[in-house]
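Here is the structure we will look at, set down as structure tokens.
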Amino acid sequence: MSCHHGPQESVPYPELNHSAGAKWIKGLTRDRLGTFHGGHYSSVNLSSILFTHRIDNSENVKLKVWSAPGLTKPTFEEAMKQKFKSAKKGDSFGPSCEGILTNHWWKVTLTIPGYWQQYERVQFEFDPGCEAMIYTTDGIPLQGITGGLGGDRRVEYIIPESARKQGIHEIVIESSCNGMFGVPWNGDTIAPPDMNRFFSLDSADLVVPNMEAWGLLWDFETLRQLVNSVPGNTPLQNRALLVANEIMNVFNKGDATAVRASRKLAEEIFGEDWEAKGAKIYDEGVKDAQIWGIGSCHIDTAWLWPYRVTQQKVARSWATQVDLMERYPEHRFTCSSAQQYKWLEQLYPPLFERVKEKVLEGKFHPVGGSWVENDSNMPSGEGLIRQFLFGQRYFESRFGKRCDTAWLPDSFGLTGALPQLIRGSGMNFFFTQKLSCNVFPHSTFNWVGIDGTQVLCHMTPVDTYTAQATVGDVNKGQTNHKNLESSKEALLVFGNGDGGGGPLAKMLENLRRIRGVTNTHRELPPVSMGRSVDEFFEEVAKKSKGGKVLPNWHGELYLEFHRGTYTSHGSIKKGNRHSEILLRDIEHIATLASIYKLHKSDYVYPKKHLDDSWEKVLTNQFHDVLPGSAIGMVYEDAEMYYAEVRKGGSKLLDEAFAVLFPDSVALTSETDVASLPTSSQILGFNTTFFRRSDIIEVPLVGANSGLKSQILQTSSDGKFGYAVMNTPGGGNVGALCTPETGLHAQIMPVSVYTNGSDHFVLRNAGVQLTISNGRISSLVDVKLGRELIPEGSTGGMVIFEDRPNYWDAWDVEVHHLETARPLSFSNVSVVSQGPLRAAVKAKIKYDKSTITVTISLDAITATVKGNSRSYFNFEAVVDWHQRHEFLKFELPLNIHSDYATYETQFGHLQRPTHKNTTWDIAKFEVCGHKFADLSEFGYGVALLSESKYGFSCLGNLLRISLLRSATAPDAEQDQGEHKFSWAVMPHEGHFLESDVPIAGYLYNSPLRVRSVPEGADTMLKNLKSPFTVEGARNVFLETVKRGEDDDFKAKHPETVTVVLRLYEAFGGHAQAQLKIAKHLAVREAYITNLLEDHEEELNIAESPDNSDLAASVVKLSFRGFEVKTVKLVLKNQSGATFRDQLSFFVR
């Protein structure tokens, strides 16, 4: 008995079957798809009909060219004044050794055939084999060109319809002799540039593209991606293969209707009439898309090209994105780096206005809030703050809005200090990606910094910031997501990058098709467009209940690659450290000068000059410049920036000191002391807020008797003298101790002993170091009678073979540690006998290099802390000519600890000395700032660094990295002379009980020593320090500057503010008292964020000390490693009145 459930349409099923059947061989069918475009069958497959017409004759395409001389980069206006000569397709350009990165200007006149009016589109195809920019004839940038045959190729310029109607169209093109990734000499991306590279104008054609055929090409490419990328054996994957195969069967080169029929077949996968919907395709289907598409264009501020080329890359790439926004309404583009926006504003004003228009429309999204996408390991804490301060203020001033999301996708590891600084700069969110190189456990998580501050972090599971917007990319956003249980959303950051370019039309076309697929199929996660990165994070925050259901990651985000960047290009590291400290000192001294105005009532705080200098330093902190991983041309620019900062900074210091100490002269090794008055006195200005005692070096060649009388010790060659200077903390002035008072109880006279050949001992009452047979054989704490070097071990210089597996300037591999070769000091001689300074000079001749090291010990301790020890200073001059070798200094220690301590920004962190896990092993080379320390209960030893950032501690072996010698991408990296220093500092007590952080701070902050004429007004010498921190030895006052919003033009501004930056340095809570001297009349005090917005008004209390010098007091509470910014608003007063007030307080 049969059952019937109502009428059904019956499909005939024949009784007999004589066919072979429809079974296919899936792999062969899939392989067939590769023959539909290009390749061996390009004359008959889809490639043969992509263009309806192509002409390149001189009647329709007229070219003229002018080549800018050398490496000059003339403006549009300058170029248009030059004499152009006729040119043609096929011409070569880029003259020999001057060709790299040269610029060539083209005037192009296009005559468009009248019958081409019938076609949907007419294009000019310009392929110079390199990068180029198309302008209107009045200098408005239109779009970028990327020549060559790579995946980033964009050589088409769509001719406006109005020009087609006129029949004639004129444009101007600037081409630059570099590819998207520079001009590597052997084709390897990181190879040094080819200085003899020529480029050829491969195409200068008027073309009519067959837009229906191009649509079919994009259809077919998406189908192939579905076949190759959808995992498993799914209906969608198989159906896409069937449709693609059928398209190949239907296609016929000679049949125009076949293209339309083929495209109709594709609608079975993408949806009926999907193309007519345009951007509205994203309005259909699921509303809660899992993958958020955002266009991006990572442009390295410098890398395989110098800054000047980046300026062009920015204009080309961003002009292209503005053009795409006109054609694809869903396109949103995000871009970081205020410096790049500023370059665009300065060099391409019309394009900047177009970008600004798109920003205000909500389509072009500034992101990051920083000046550049900086390295995160090596800039100081204040340097990182200035990245955000300068970046956020720029974005707000130009676009009326600050950034909400910090953005460092490509930085080589991320300091644990960043979450606090990001939040303090007005941002809650953070995007990064580089740690996908690690085996990292999370995609979306709460990143908790060293102080406990958290920031919502997303590390895209697509594992790149230059996705190509493929099916594979979209699918990876789901399949590679590490914590789907707590957050399913993923960012798809797509567009060509590193060298710029950004999204292409084919990417936006592909995403529309993918969305069409997911509107009707569920094998892929849906992708959305038209929203911002900020909206993505807000959605994640909302769905994760404010991050409560997300995993946490505490501390630094350590990159298990690119460890060599802590050392590569040592002069750049030194330039960064010294520039940061110089600018800190200028701000401090100029702040006092602008408030006190002791001897120059019209002195104005040099805000603009300081900002210009900071911008140069911040630009050099870009994540391929400061790490030392760029080509040599970049470092010519970077060194020039540092030289300008040094020169300008010296001038600014002198101008500020002229206000405080009239007619004073900086006393340095370059000072002509013969010109100083006989009665001059020597003063030192302490820019730190720690009491200190220093042995200062005074040049004596040509010195008068008055100067010599202030000296307590003369060097063996008579060129320098040594004297003791004690200085109160808090920005006070110190004076030389006289011979009668110099050798007081705190002085521990030093001596040097030698047997005359191979045994040398440097000693004072606290510590002793022995050099025997060219190696450091003993380090003794004399007070405790403790030997710090294990028996049978020695310390000193050591060299390693340094041959990374690929990334030469970036990486140092763990196997380099297997190639250590100790180096021995030779020609050791005594150069200073004491009693203030004892020193020996030694040389190491190794292969083609010479290393000269002066090892000295002073009669004072590292700090004025009661149980402080002296440090042994190592001052090196190295003539370096090695290749692929790594120079370090090492010291084996009779100390056991599973962890060593390294300074980071605004604090420190511990890293393992063992190899328990692969994560532990990975930290065989790490980044530190001013110190690295190995401590156990009761004792420790630190290495202090003046300009080096690479350290290592494996077991009991503490090392500092000194010089590398990679050959790519800079063939001459680190070749030549280097001068740097480091110190070995024993200390009683564990690190947390020690004075190591203060010692490291002082080691990097030399006294500003001045020669002042006798009788000069030295009122400041007797003035109480304006700011002191009491009650918490773990709180450091780092920065003194004027407020960002002060009026520096008015003679008597209504508001004068002083900004102080303080931080807790040891990792614990603190209750500190900030005391402000009464000669600074403070009206109000505020806690601000890092951008100097008021957050909390502080109570200003009177000090219980009733003396005339008693300070006002502000109480500050700190958690471990917390950074606080305090803004003091001073009472309004004229310079003369203030000087009178100062006179009252002087004692």
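The values are calculated or read from the model by the stated rules, or taken from the named source; none is laboratory data. Computed from a prediction, not measured in an experiment: that's the story for all the values here. We place every Cβ from the backbone using ideal geometry, glycine too, and count neighbours over all the protein chains shown. Heavy atoms of the whole protein, side chains included, go into the accessibility calculation; ligands, DNA and RNA do not. Shrake-Rupley method; radii C 1.70, N 1.55, O 1.52, S 1.80 Å.
Around the Cα centre of the range 121-227, unit charges on the Cβ atoms of Lys, Arg, Asp and Glu (plus for the first two, minus for the last two) sum to a dipole of about 100 debye. Rounded to the nearest 5, what is the percent of antiparallel bridges among the DSSP beta bridges in the chain? So the antiparallel bridges amount to about 90 percent of the total. Solvent-accessible area of the chain (1.4 angstrom probe, protein heavy atoms only): carbon and sulfur portion equals 50 percent. Comparing 954, 973, 991 along the charge dipole axis of the range 888-991, the residue lying farthest to the positive side is 954, per the Cβ-charge model. Stretching the chain fully between residue 397 and residue 679 yields a gain of 96.3 nm (0.36 nm per residue, less the alpha carbon separation).
Say the dipole of the range 105-261 comes from +1 at the beta carbon of Lys and Arg and -1 at that of Asp and Glu; which of 124, 235, 151 then lies farthest toward its positive end? Highest projection toward the positive end goes to 235. Annotation note: trypsin sites (Lys or Arg not before Pro) in the range 539-586 located in DSSP loop regions with a Cβ neighbour count of at most 15 within 10 Å are 545, 548.
Quick one: if the Förster radius is 22 Å, what FRET efficiency do residue 22 and residue 264 give, using the C-beta to C-beta distance and rounding to 0.05? With a Förster radius of 22 Å, E is 0.50. Within the range 781-854, the GluC sites (Glu not before Pro) that combine a DSSP coil assignment with at most 10 other C-beta atoms in a 10 angstrom radius are 791. Only Lys, Arg, Asp and Glu carry charge here, each on its Cβ (+1 for the first two, -1 for the last two); on that basis the chain has a dipole of about 600 debye about its Cα centre.
Calculated FRET efficiency, residue 971 and residue 814, Cβ-Cβ r, R0 30 Å, to nearest 0.05? Step by step, r from the Cβ atoms, then E = 0.70. Multiplying the residue separation of residue 829 and residue 636 by 0.36 nm and removing their Cα-Cα distance gives an extension gain of 65.8 nm. Spin-label pair residue 32-residue 286: with each label point 7 Å from Cα along the Cα-Cβ axis, the two points sit 3.3 nm from one another. Placing pseudo-labels 7 Å out from each Cα toward the beta carbon at residue 361 and residue 921 gives an inter-label distance of 5.4 nm. Binning the alpha carbon pair distances of the range 938-1003 at 5 angstrom intervals from zero yields the distribution 4, 14, 20, 21, 16, 10, 7, 6, 3, 0, expressed in whole percent. Full extension of the chain between residue 1014 and residue 1052 gives 10.5 nm of extra length, using 0.36 nm per residue less the Cα-Cα distance. Among the chymotrypsin sites (Phe, Trp or Tyr not before Pro) found in the range 782-891, those both in a DSSP coil and sparsely packed, with 15 or fewer other Cβ atoms within 10 Å of their Cβ, are 806. Per residue, the chain reaches -7500 deg cm²/dmol at 222 nm when only DSSP H runs of four or more residues are counted, each adding -39500 (n - 2.57). Computed from the C-beta positions of residue 545 and residue 257 and an R0 of 45 Å, the FRET efficiency is 0.20 to the nearest 0.05.
Taking a span of 30 Å or more along the helix axis (Cα atoms) and a mean Kyte-Doolittle hydropathy of at least -1.0 as the rule, the DSSP H helices of the chain that qualify are 307-327, 570-596, 632-660.
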